[in-house]
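Take a look at the structure set out below.
The values are calculated or read from the model by the stated rules, or taken from the named source; none is laboratory data. These numbers were taken from a predicted model, which means no experiment stands behind them. FYI the Cβ positions are ideal-geometry reconstructions off the backbone, even for glycines, and counts take in every protein chain you see.
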């Protein structure tokens, strides 16, 4: 950690260093500091060409908070709500930058599901589950839209090579959706901390 901290001192705009510091702090359980490092990445990436880096930084915050809640069901009530809301605030900001990103919608859905564990009453949990279903529907819509775009592109540019069918490779059937996560950086942002992906 001291190494990367020294790098950020010398090179405050080094996004890779801030990413590494975020990962180290998360591993040590210093979640608020990890979030601060990801927001630093976001603040650095201000140029229009850096939109993907901004989305990735905000996605990383949502993913961190999701993993935090997933790993500790003992976090309840106000603290659980605050953690989930922090993650969703970052993801909603990312959606402004990339409104067709189904990965963001899928993660918001998962955070709503984790938010439901904050309550001791079933009716309150049902409200959160209802919100999760709204974002699941948005994820499905955007996911299918992207698949249609892939198919249209394939039709417009026929190839002599044999390629796997997009529908066979990526299914939207409800029985298998838990294993479908887009791999595109702009459509399902990833950072180098190897974040676990929520089920959709």
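Just one residue in the set 167, 151, 128, 102 is modelled with pLDDT of 90 or more and in contact with a helix residue (DSSP H, G or I) (Cβ under 8 Å, 6 or more places away or on another chain); that residue is 102. The residue of segment 108-125 that is surrounded by the most Cβ atoms within 10 Å (Cβ to Cβ), among those that are touching a helix residue (DSSP H, G or I) at 6+ places or on another chain (Cβ under 9 Å) and not in a helix (DSSP H, G or I), is 119. Counting residues in segment 58-68 that are surrounded by fewer than 22 Cβ atoms within 10 Å (Cβ to Cβ) and touching a helix residue (DSSP H, G or I) at 6+ places or on another chain (Cβ under 9 Å) gives one or more. When restricted to residues that are free of Cβ contacts under 8 Å to residues at least 40 places away in the same chain and either surrounded by fewer than 15 Cβ atoms within 10 Å (Cβ to Cβ) or closer than 18 Å to residue 103 by Cβ (or both), segment 69-88 contains 9.
The residue that is farthest from the chain's Cα centre (by Cα), counting only those in segment 44-57 that are touching a residue at least 24 places away in the same chain (Cβ under 8 Å) and surrounded by fewer than 21 Cβ atoms within 10 Å (Cβ to Cβ), is 44. Residue count for segment 91-107, restricted to those that are part of a helix (DSSP H, G or I) and either in contact with a strand residue (DSSP E or B) (Cβ under 8 Å, 6 or more places away or on another chain) or without any contact (Cβ under 8 Å) to a residue 40 or more places away in the chain (or both): 6.
Residues in segment 69-78 that are closer than 18 Å to residue 34 by Cα and in contact with a helix residue (DSSP H, G or I) (Cβ under 8 Å, 6 or more places away or on another chain): 69, 70. The residue that is modelled with the lowest pLDDT, among those in segment 131-145 that are surrounded by 17 or more Cβ atoms within 10 Å (Cβ to Cβ) and more than 16 Å from residue 92 (Cα to Cα), is 143. Condition check for residue 41 on (1) at positive phi; (2) surrounded by 24 or more Cβ atoms within 10 Å (Cβ to Cβ): one failure, at (1).
As a summary of the residue check, residue 21 satisfies the conditions (1) at pLDDT 90 or above; (2) farther than 15 Å from residue 64 by Cα except for the one numbered (2).
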